[in-house]
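Input: a single structure, listed below in structure tokens.
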Amino acid sequence: MSDKRQRARVQGSWAKPLQKQQQPSAQHVPSAAGSWKSAPRSFEFHRPADPVREIPVEKVIENAGDYEISQGPTGVSRLRLIPGFLPPEEADWMFSKLLAELPWSQKTNYRMMGDAYEEPRLTCWYGELPYTYSRSAMQPNAQWHPVLTTLRLAIEQKSGHKFNSLLCNLYRDGKDSIGWHSDNEPSLGPQPIIASLSLGDTRVFSLRKQPLPEDKGDYTYVERIRIPLSHGTLLLMEGCTQVDWQHQVAKEYHDRGPRINLTFRTIYPEPERPTGGFVR
């Protein structure tokens, strides 16, 4: 017997044909919950516990007029916008005069924990009483610049309100700013009226409404207003504006020239402060 046949016989004695592996039928496949073999599932819609809220669109005020911006339990918040309160040539002269002659300086404020920081703008104060905000006081200064006295009388006649004090702000460029705040210091009284006159380059004045108590300080869904304040424009904030709203002049990241903002107000003697603490 040849070697080839002998090898075939030996191999055939143990080699058996492979059996076909039986594929399990569909009835043998266990149907796990949620697998593709499961029966169709139905879903039931449940309304969210909290209603879906939309972020309000920011409003823009540019035209002259009286605007009732909110009304609530505290009262009515009102703005009066008067563009062109000063003629351009008169506004130009006053801006140059005040920029050069007012005693501008950079005020140091203090945070809640006592950390000091410099305001990102220059200021000066006029009035027979001191003015305290951000835990730092501005000292009395009864020597009003003649231009400021003229402006105060003109604004009083236009607005029908009397003012005894003035906080002057100088924004040197677009990097100078003032953050979100309300003019609600105790020395200003319960519903202070602020008359704000703008001189120089245009800056955007923004307002946002105070959030509801249940929002716990979240400003996401509050109403917002934007007002471009141009050279010679007068803005009056009346009623509950300082109670129900905050305002700011934000930094701007393009070229801006200097702007002077004159904020006339009425100051009352400050209440006595407890010793050893800071008062905003």
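Just so you know, all these numbers are worked out from the coordinates, no wet-lab data involved. These numbers were taken from a predicted model, which means no experiment stands behind them. No Cβ is skipped: glycine too gets one built from the backbone with ideal geometry, and neighbour counts run over all protein chains shown.
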Go through 162-171, 86-95 and give me the packing order, highest mean Cβ count within 10 Å leading. 162-171, 86-95
What does the extension gain come out to for R208 and H46, with contour length at 0.36 nm per residue minus their alpha carbon separation? 54.9 nm
For S177 and E128 in one chain, what is 0.36 nm times their gap in residues minus the Cα-Cα distance, to one decimal in nm? 15.0 nm
Counting only C-alpha contacts under 8 Å and six or more residues apart, can you give the relative contact order of the stretch 59-265 as a whole percent? 29 percent
Could you work out the Kirkwood radius for the stretch 48-186, taking every pair of different alpha carbons, averaging 1/r and inverting it, reported in Å? 18.5 Å
Karplus 3J(HN,Hα) series, Hz, for the stretch 220-230 with 6.51 cos²θ - 1.76 cosθ + 1.60 (x for Gly, Pro): 4, 10, 7, 6, 9, 9, 10, 10, x, 9, 9
Rounded to the nearest 0.05, what FRET efficiency do D215 and D115 have when you use their Cβ-Cβ distance and R0 = 30 Å? 0.60
What FRET efficiency do you get for D92 and A154 if R0 is 22 Å and r is their Cβ-Cβ distance, rounded to the nearest 0.05? 0.85
The stretch 160-280: Kirkwood hydrodynamic radius (Cα pairs, Å) comes out at 15.9 Å
